[in-house]
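Below is one structure; the comments refer to it alone.
The values are calculated or read from the model by the stated rules, or taken from the named source; none is laboratory data. Small disclaimer: the values here were computed from a predicted structure and weren't measured. Note: ideal-geometry Cβ built from the backbone for every residue, glycine included; neighbour counts use all protein chains shown.
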Amino acid sequence: MSKNCISRVYLCAMGKEGLRGAWLAAVLHGLNDGYGNFLSTLMPLVKESFGLSLGMVGLLGSVRMVAASFGQPIAGNVADRFGYRAFFIFGPALTCAVMSFLFRFPGFWALGAALFLAGLGTAAFHPAGAALAGSGGGSRGTAMSIFIAGGTVGAALGPLFVGWFVERYGVGHLEWLFIPAVAVLAISFSLTRPTASKPPEARLFSLPREKLWVLGLLWGIAMMRALVGISYRTFLTVLLRERGLSVAMGGAALALFSLSGALGGIAGGRLSDRVGRRYVIGSSLLAAIPFLFSFLYSDGTLSLVTLALAGFFLMASNPVSIAYAQDLFPGHQGTVSGILLGLSWGLGALMAPLVGHLGDLLGLTNALSIVTAAILPAAAAAFFLPRGDRPIPSRSAPSAQEPAP
């Protein structure tokens, strides 16, 4: 099949011209986060295969998380300066390669180094993917919601898929999964145009200082939202187990929470293109609070319904915040995306052990109630964002991710 033929098929599949890059970025986001989350499912087998202690297992997870989270602002800034295409393609390639050959490394230290590299691959991809998704000339809120939803769906389905694959074929055939990843990456590479290098003004410390307080406010909102989301994802299955539900039911509830969040992000992103970013961020966070508390203090079908609605409203503002920052800093899209995606998630994840300790002292329901209250100041902060938050179309330059002719 010729490249022109591939491009035509792609254009038909992607639909609206301004969102073509967002859909492509979403596919790679799902690929990257889906493969990246293989580790959570395979960790018991990694522990047995490498003869690791629980402490060593925890270290492996932390190494990847730290690299993936805190490397994003730096990777985003470098991508702003030198172009997004290489980060967009080779970041997921690195993540997929490490996860596919997870059981081929010779020992603990080699495995740890490989997982650190996989984290760097994830760090390289996210800001570049967000920048390309948001710079296609379409509605940025909608584009960012598509991009975020792709990662959420991949992160939810990846562990389920690799669990089935390993049960059917065994870990000895895990490297087969690198083949479909390479195919997706090769097609994506052919459909992504290189972006031009930018002048030195794109460097990290050249962000307009008069707008930094807005970026700081957006980051604070993102960090508090990440703390709540990560806390629920970390302890949801434990909480439901305490209530007498099965592990399988807990996994299904976790998938429900994640996928509802993906739908919420799409709805929030589209709405923000029409009514403004600030309103959607503040109102969706406020709406999440009663549903989160309803879940914590209800049971049966009602608890699952309120859990789904809580995930929907909690994550509705996630892509909107990134779109707001990209509107505000059009020359630094990778940098600000890395700050809101990486630093907020990383610090939120580092606080999860404190939530667990609080659960040991007060009970898990009470601990999650306290964490849920963190949404209130986040929602209040959203209404201090500048009123000039209507989307700023980025139509002045041709899309960097248009399919090559």
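How about region 237-289: which of its residues are on the phi > 0 side of the Ramachandran plot and either touching a residue at least 60 places away in the same chain (Cβ under 8 Å) or in contact with a helix residue (DSSP H, G or I) (Cβ under 9 Å, 6 or more places away or on another chain) (or both)? Steps first, answer last, please.
Within region 237-289, the subset on the phi > 0 side of the Ramachandran plot is 244, 276.
Result: G276, single match.
Candidates T142, T152: the one that is β-branched (V, I, T), more than 13 Å from N32 (Cβ to Cβ), modelled with pLDDT under 85 and in the same structural domain as P92 (by TED's automatic domain parsing) is T142.
Just checking, which of A316, A323 is surrounded by 24 or more Cβ atoms within 10 Å (Cβ to Cβ) and more than 18 Å from I375 (Cβ to Cβ)?
Details: A316 fails: more than 18 Å from I375 (Cβ to Cβ).
Selected residue: A323, the only one of A316, A323 that is surrounded by 24 or more Cβ atoms within 10 Å (Cβ to Cβ) and more than 18 Å from I375 (Cβ to Cβ).
Within region 332-353, identify whether any single residue is of a type in the set (V, I, T) and within 23 Å of F257 (Cα to Cα), and answer yes or no. It would help to see each step written out before you state the result.
Initial filter on region 332-353 (of a type in the set (V, I, T)): 335-336, 339.
Now restrict to residues that are within 23 Å of F257 (Cα to Cα): none.
No: region 332-353 contains no residue that is of a type in the set (V, I, T) and within 23 Å of F257 (Cα to Cα).
Per the listing I74, I89, the residue uniquely modelled with pLDDT of 80 or more and closer than 26 Å to L350 by Cβ is I74.
Name the residues in region 75-95 that are in a helix (DSSP H, G or I), of a type outside the set (G, A, S) and in contact with a Leu (Cβ under 7 Å, 6 or more places away or on another chain), would you?
So the first thing to find is which residues in region 75-95 are in a helix (DSSP H, G or I), and the list is 75-82, 85-95.
Okay, now just the ones that are also of a type outside the set (G, A, S), so 77-78, 80-82, 85, 87-90, 92, 94-95.
Result: N77, F88, I89, P92, L94.
A single member of G216, G264, G276 is within 16 Å of the chain's Cα centre (by Cα), assigned by TED's automatic domain parsing to the domain that holds V355 and within 18 Å of Y324 (Cα to Cα), and it is G264.
Every listed requirement among (1) surrounded by fewer than 21 Cβ atoms within 10 Å (Cβ to Cβ); (2) of a type in the set (A, V, I, L, M); (3) touching a Phe, Trp or Tyr at 6+ places or on another chain (Cβ under 9 Å) is met by L350 save one, (3).
Are any of the residues in region 321-336 touching a Leu at 6+ places or on another chain (Cβ under 7 Å) and without any contact (Cβ under 8 Å) to a residue 40 or more places away in the chain? No: zero hits.
Looking at region 383-396, is at least one residue modelled with pLDDT of 80 or more and not in a loop (DSSP other than H, G, I, E, B)?
The first filter runs over region 383-396 and keeps only residues modelled with pLDDT of 80 or more, leaving 383-386.
Adding the requirement that they be not in a loop (DSSP other than H, G, I, E, B) leaves none.
Among the residues of region 383-396, not one is modelled with pLDDT of 80 or more and not in a loop (DSSP other than H, G, I, E, B), which makes the answer no.
No other residue among F116, F82 is in contact with a Ser or Thr (Cβ under 7 Å, 6 or more places away or on another chain), in contact (Cβ under 8 Å) with a residue 40 or more places away in the chain and surrounded by fewer than 21 Cβ atoms within 10 Å (Cβ to Cβ) apart from F82. Candidates are the residues of region 290-309 that are touching a residue at least 24 places away in the same chain (Cβ under 8 Å) and of a type in the set (F, W, Y); the one that is surrounded by the most Cβ atoms within 10 Å (Cβ to Cβ) is F293.
Table: residues versus (1) surrounded by 14 or more Cβ atoms within 10 Å (Cβ to Cβ); (2) at pLDDT 75 or above; (3) closer than 25 Å to R64 by Cβ.
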| position | (1), (2), (3) |
| --- | --- |
| G356 | yes, yes, yes |
| G359 | yes, yes, yes |
| N366 | no, yes, no |
| A374 | yes, yes, no |
| A378 | yes, yes, no |
| Q401 | yes, no, no |
| P405 | no, no, no |
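Here R274, R278 are screened, and the one residue that is at pLDDT below 90, closer than 19 Å to A381 by Cα and assigned to a helix (DSSP H, G or I) is R278.
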